[in-house]
Amino acid sequence: MAEPANKPEWPCLPKAKTIDFMLKTRLITASVILPLFLSALFYLPDIFWVTLILGLTVIGAREWSQLTRLSVKHTIVFMLLTVLIGSESVIFLRESMQMDVYTRDLIAAYGISVVFWIIAAPLYLKQTYKIEHPVFAMIFGWIVLIPTCLALYQLRTISPMLLLGFMATIWISDTAAYFTGRALGKHKLAPSISPNKTWEGVAGALIAVFLYGIAWSLWLADQALMIALTPLLIVMAVLGVVGDLYESLIKRQAGVKDSGNILPGHGGILDRIDALTSTLPLAMLAVLLFYSPSS
C-alpha cells in the first residue's frame, strides 16, 4: 500500500508544538525567577546573599559531577571540597572588602578564569576532548564555578546595579541570538556541539549588545567609559557564546539534554549560568584593573 505523499511532513508538527511549549514554559519560569532574583539582588542582606550564591555553587557542582560522570566517592570529595574552597574564599573576600570593596586579593582567581575561557575552553571545543580523569574534572569544575561565585559577591557589594548591568548583557545577548537565529539562521555555528546555534544568531547578539553598551554609556554620561565599556560588553558576549558551547559539549559527551531539572523549561543551574561563568569573572577583572579608584 502506497505511503501518503505528505507523510514526511507529519513529524514537523509535534516538533513545532514542542518548541512553542518549551518557550512558554521558559517564559513562565523566568517570570517567577526574575522578580525573586531582583529582590534578592537589591534587598537581601549580605549574609543571605552569600548563602544564596554558595548554595547555587554547590548545586552547580552537583550537576557538574553528574555531567563529568564522577563516581560516588569522587562526587562526595568534590562536593565537600567545593563547599570548603567556596566558603573559605568568600569569607576571605568578605574580610578583605571590609577594608576596600575593590580589593585585588583574589584577582588571581579571576585571571585564571579569564585565561581558561579565552585559551583553554576554545581549544577544548576545537579538539572536543572528553574529561576522563576525575582530578581534572574537579579542577575544571572549580575554575568554572568558584570565580563566578566570587564575582557575584564582589560585584554586588560594589554595586547591585553594576552586577545587574553585566548580567543583562548576557540576557540580551542570549535573547537576541535566539530570536535572530530562529528568524534568519541558516549557517550553523557548531553543528556537532549545538545544532541550533547559528552565525546569524551570534551576529544578532553582538549587534544587540553593541546597542546596549552605547545606551548604558550614554546613561552614565561618561565618554571615556563609553569607549571602554562597549568593547568589554562585546567581548563578554563572545565569551558568553564560548561558555554556552562549552557546557553544551560537556552535556553532549554526557548524553544528556540539560544539566538538571530544577528549573522547568530551563534545565539545571549550569544551564542558566553557563554564559555567566565565562563572563562575570572577566567583568570583575576589568573593574579591578581599569575602573577601580586604585587603578
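A few notes on this one:
- Under 13 Å, Cβ to Cβ, from T75 - net charge with Lys/Arg +1 and Asp/Glu -1: +2
- Distance histogram for the stretch 90-153 (every C-alpha pair counted, 10 angstrom bins, percent rounded to whole numbers): 19, 44, 25, 11, 1
- For the chain, the extents of the C-alpha atoms along the principal axes are 82, 52, 37 Å, listed from largest to smallest.
- For the stretch 136-196, the Rg and Dmax computed from alpha carbons only, in angstrom: 16.1, 43
- Principal-axis tilt of helix 134-158 within the chain, Cα atoms, nearest 10 degrees: 60
- For the pair L123 and A108 in one chain, pulling the backbone fully straight at 0.36 nm per residue adds 3.2 nm over the alpha carbon distance.
- Fewest-first ranking of R62, R94, using other Cβ atoms within 10 Å as the exposure measure: R94, R62
- Taking the Cα centre of the chain as origin and assigning +1 to Lys and Arg Cβ atoms and -1 to Asp and Glu Cβ atoms, the resulting dipole is close to 820 debye.
- Each helix, a run of at least 4 DSSP H residues, gives -39500 (n - 2.57); summed and divided by the residues of the chain, these come to -25000 deg cm²/dmol at 222 nm.
- For the stretch 12-152, the fraction of C-alpha pairs farther apart than 18 angstrom is 67 percent.
- Exceedance of the 19 Å cut-off in Cα-Cα distance is limited, within the set K130/K251; K130/K257; K24/K188, to K24/K188.
- Relative contact order of the chain, defined on C-alpha pairs under 8 angstrom at six or more residues apart (%): 24
- Taking the stretch 153-295 and dividing mean pair separation by its residue count, relative contact order in percent (alpha carbons under 8 Å, at least six apart): 20
- Candidates per trypsin sites (Lys or Arg not before Pro) in the stretch 159-253, loop by DSSP, up to 16 other Cβ within 10 Å: K186
- Model label points for N261 and I76, set 7 angstrom from Cα along the Cα-to-Cβ axis, are 2.6 nm apart.
- Computed from Cα positions, the angle between helix 72-97 and the longest principal axis of the chain comes to roughly 40 degrees.
- Note on L211/A40: beta-carbon distance plugged into 1/(1 + (r/R0)^6) with R0 of 45 Å gives a FRET efficiency of 0.95.
Every number in this text was worked out from the coordinates using simple rules, so none of it is lab data. Quick caveat: nothing in here was measured; it's all calculated off a predicted structure. All Cβ positions, glycine included, derive from the backbone under ideal geometry; neighbour counts span all protein chains shown.
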